[in-house]
Amino acid sequence: MTYEHIQVAKMTAPLGAEISGVDLSKPLEEPVRDEIARAMLDHLVVFFRGQDITVDDHFRFACGFGDLYTHPIFQPLKDQGRPEIFELQSDAKRPFVAALWHTDITFEPDPPKASVLRAIEVPEAGGDTMWASMEAAYDGLSDTMQHLLSGLSAIHQPSYFYQLANDEQRKRFDDRGDVIHPVVRTHPVSGRKAIFVNGAFTSQIVGMKEKESEKVLAFLYEHIDSSEFHCRFHWTKNAIAMWDNQNTQHRVVADDPTARRVMQRLTLAGDKPF
């Protein structure tokens, strides 16, 4: 695949690419934006380094790829006039590392389609993030297992976010009831199939007994953890990651949860999986 306006360096066979030749502090011309979108579709997660941008630049860049989604729990940067952006911080006083493989916010009826994460402060060593291709993981299953999974659905719940929620937010979750998604979803643009269950938010497979569901999900989580489906990114200050939330999972490498880390994220609204 060739690109005329950007440089794209593939990272691993299943997913991941670094993009250069782009200055995200300036508005993007349509051909450049189209090529970035194509690169993300091809590689599922793309990275930009050395992007010294503002909150407004971050907002403008993300808006070029779809409508924005506001996180139902995390507090936004209201004082900077951008309620769609929220900040993730971790340090010795408040260690927080999302070390479990997950797809973001699948407990929503219409889970987000993508996210744009910017590194404000990062440790000198460690704190990498890993992504896994759920397309490659699906392709790595036998035809028999693919056939079995393709007829199943699973319940997704807010899990630990429910504990963080206030009364109004919890009522919204309670009134909505169970959110059910297919175990294998189809990407709305590429048409490629991908595993769509994750250890953070998937609670049970519909129509299975509890032990049956536990065994199938445990197998899938072990399968997803295979290195053949992964890429790993070492953060540097002003680096940016943009990933397809529909056909990937990600997790932070928890080698030093006490290290100072500040990230800001914008999320793009998605639609109901099918």
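The values are calculated or read from the model by the stated rules, or taken from the named source; none is laboratory data. Model, not experiment: these values are computed from the prediction. We place every Cβ from the backbone using ideal geometry, glycine too, and count neighbours over all the protein chains shown.
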Legend entry - strands (runs of 3 or more DSSP E) (entirely within the range 54-134) containing at least 1 residues that are surrounded by fewer than 21 Cβ atoms within 10 Å (Cβ to Cβ) and β-branched (Val, Ile, Thr): 114-121
Inset, instruction - Select from the range 1-35 the residues that are assigned to a loop (DSSP other than H, G, I, E, B), polar (S, T, N, Q) and out of contact with any Lys or Arg (no Cβ under 9 Å at 6 or more places or on another chain) and list them in ascending order. - result: THR2, SER25
Inset, instruction - Run down ALA254, ALA239, ALA259 and say which single residue is over 14 Å from the mean Cα position of the chain (by Cα), within 20 Å of HIS43 (Cα to Cα) and among the aliphatic types (A, V, I, L, M). - result: ALA239
Inset, instruction - Give just the number: which of (1) without any contact (Cβ under 8 Å) to a residue 60 or more places away in the chain; (2) surrounded by fewer than 22 Cβ atoms within 10 Å (Cβ to Cβ); (3) under 25 Å from PRO158 (Cα atoms); (4) not basic (Lys, Arg) does SER227 not satisfy? - result: (3)
Legend entry - Residue list for the range 213-234, restricted to those being of a type in the set (A, V, I, L, M, F, W, C), over 16 Å from the mean Cα position of the chain (by Cα) and within 21 Å of ILE36 (Cα to Cα): none
Legend entry - Single unsatisfied condition, PRO257 versus (1) in a strand (DSSP E or B); (2) modelled with pLDDT under 95; (3) not hydroxyl-bearing (Ser, Thr, Tyr): (1)
Inset, instruction - Please tell me if PHE173 is farther than 23 Å from ILE36 by Cβ, among the hydrophobic types (A, V, I, L, M, F, W, C) and modelled with pLDDT of 95 or more. - result: no
Inset, instruction - Out of ILE53, ILE73, ILE105, report the one residue that is within 30 Å of GLU222 (Cβ to Cβ) and touching a Ser or Thr at 6+ places or on another chain (Cβ under 8 Å). - result: ILE105
Legend entry - From THR106, THR129, residue being under 19 Å from the mean Cα position of the chain (by Cα) and over 26 Å from VAL179 (Cα atoms): THR129
